[in-house]
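Report on the following structure.
Every number in this text was worked out from the coordinates using simple rules, so none of it is lab data. Just so it is clear, the structure is predicted and the values come from calculations on it, not from any experiment. As a convention, Cβ positions derive from the backbone with ideal geometry for all residues, glycine included, and neighbour counts pool all protein chains shown.
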Amino acid sequence: MESPTGVHLVGSIPLSSADEVFHKIPAALPGRLFSIPDGETGTRANWIGWQIPFFPKDALRPTVGGPELPADYSATFTQSSLEPTQYDTQALSSYKQFVKLRDDGIIPKGVRFQVSLPTPYACIQGHTKPEFHAQLEPFYEQRILESLAAIIKEIPAHDLALQWDLCFETTALEYDRGRLTDEFFKAHFKPVKAGLLDRIERICADIPSEIPVGFHLCYGDLGHRHFIEPEDLGVLVDFANGILKRLGGKRTVGWLHVPVPKDRDDAAYFKPLRDLEASKDTRLYLGLVHSNDKSGTLRRIKAAQEIVQREFGVSTECGIGRTPLEELDSILQIAKDVSVPVK
């Protein structure tokens, strides 16, 4: 059976700058990239953590610096209560460097500039007190859409690829199933799956169809641990099929990325992928590359190939920005060794 095709980078990379990412990654993964992120370096290395200062202080959970409030506390927020996200500022700055290095031959022509964004739901769920979720979510969604519009306006469609990171969506689904019991993960709406799909449909509505839009489906990576271990890929495949159905009449989904834990090289884990309703135009990336474990990576690939009767590429489980720098070369080397260039 043929080797996996291509390598996907979820977003964060443990390097110091976009310039360093753009120099190192294409050289380490020759011909493997459909798109390349800027590495989410510096203040963005902790995924959505850098968004905390843009929320009103009294709306924040105590775990991220918000005050403990009396039980009868109430607040009314408006659009101006939330600062702009600055995702567009960061993306446009990195894009300038991307273009320069592509012109210099460092980044191959044809590789797209990838912007990975959290969903508005993720930041609301992760950062703000539950009693304010319903009130704040429309305002933060508007801020994300403002940043998205600026990115789309300034970066040519033929250069851009967008990704939505779906982590708290997964945990909301697992809470709704009863597998997660911490109310931190409880969605503020019902039915949960339909509500999540409504939100994804909204944030994709104004993205031109010629811009590939992918989805990173995730179980978390806080402290290099999942919020809960997946039973198999069933929850993610079911959710992905929901996304495909919602968006199918409007656009092709560019790619789907799902995690593969290090200890899952069994057929049962991959079996739900037989039910994935993605067309061949939607790339599939399996996050089965783990550092210093080429033999295990090959086992996971073999197990997947026995189930998945379609082409797929490889990736890590999640962004690798919090991975020790000394493990980066191992990850890149394994990803290169087990894959072939994109077609």
Residue among 89, 128, 252 with the largest mean-square fluctuation in a Gaussian network model of the chain, springs linking Cα atoms under 10 Å: 89
Isolated Cys in the chain, by beta carbon distance under 4.7 Å: 123, 204, 318
Principal-axis tilt of helix 294-305 within the chain, Cα atoms, nearest 10 degrees: 80 degrees
Extension gain, residue 194 back to residue 246 (0.36 nm per residue minus Cα-Cα distance, nm): 17.7 nm
Angle between the chain longest axis and helix 168-177 axis [Cα atoms, degrees, rounded to 10]: 80 degrees
Rounded Å value of the spacing that divides the Cα centres of region 103-164 and region 58-81: 25 Å
Quarter of Cα convex hull surface for region 67-134, i.e. mean projection, nm²: 6.7 nm²
Helix 18-28 vs. the chain, principal-axis angle (Cα, 0 to 90°, nearest 10): 30 degrees
Theoretical FRET efficiency, 1/(1+(r/R0)^6), r = Cβ-Cβ of residue 104 and residue 322, R0 35 Å, to 0.05: 0.70
Along each principal axis, Cα extent of the chain, largest first, Å: 62, 46, 43
The chain, dipole about Cα centre (Lys/Arg Cβ +1, Asp/Glu Cβ -1), debye to the nearest 20: 740 debye
Distance-filtered residues of region 91-131 - backbone nitrogen under 15 Å, label point 7 angstrom along residue 159 Cα→Cβ: 91-115
Counted charge near residue 58, where neighbours are those whose Cβ lies closer than 12 Å (Asp, Glu -1; Lys, Arg +1): +1
Added length on full extension, which subtracts the Cα-Cα distance from 0.36 nm per residue, residue 58 to residue 307: 84.7 nm
Residues of region 96-124 with amide N under 17 Å of a point placed 7 Å along Cα→Cβ from residue 69: 124
Convex hull per residue volume in Å³, alpha carbons only, for region 245-343: 112 Å³
Surrounding net charge for residue 85, when Lys and Arg each add one and Asp and Glu each subtract one, Cβ distance under 12 Å: -2
Cβ-derived FRET efficiency at R0 41 Å, residue 17 paired with residue 179, nearest 0.05: 0.55
Most fluctuating residue given options 257, 216, 290, as computed from a GNM of the chain linking Cα atoms under 10 Å: 290
Choice from 43, 316, 170 showing the highest fluctuation, given a GNM over the chain with Cα pairs closer than 10 Å: 43
Full-extension gain in nm, residue 275 to residue 27, via 0.36 nm per residue minus C-alpha separation: 85.7 nm
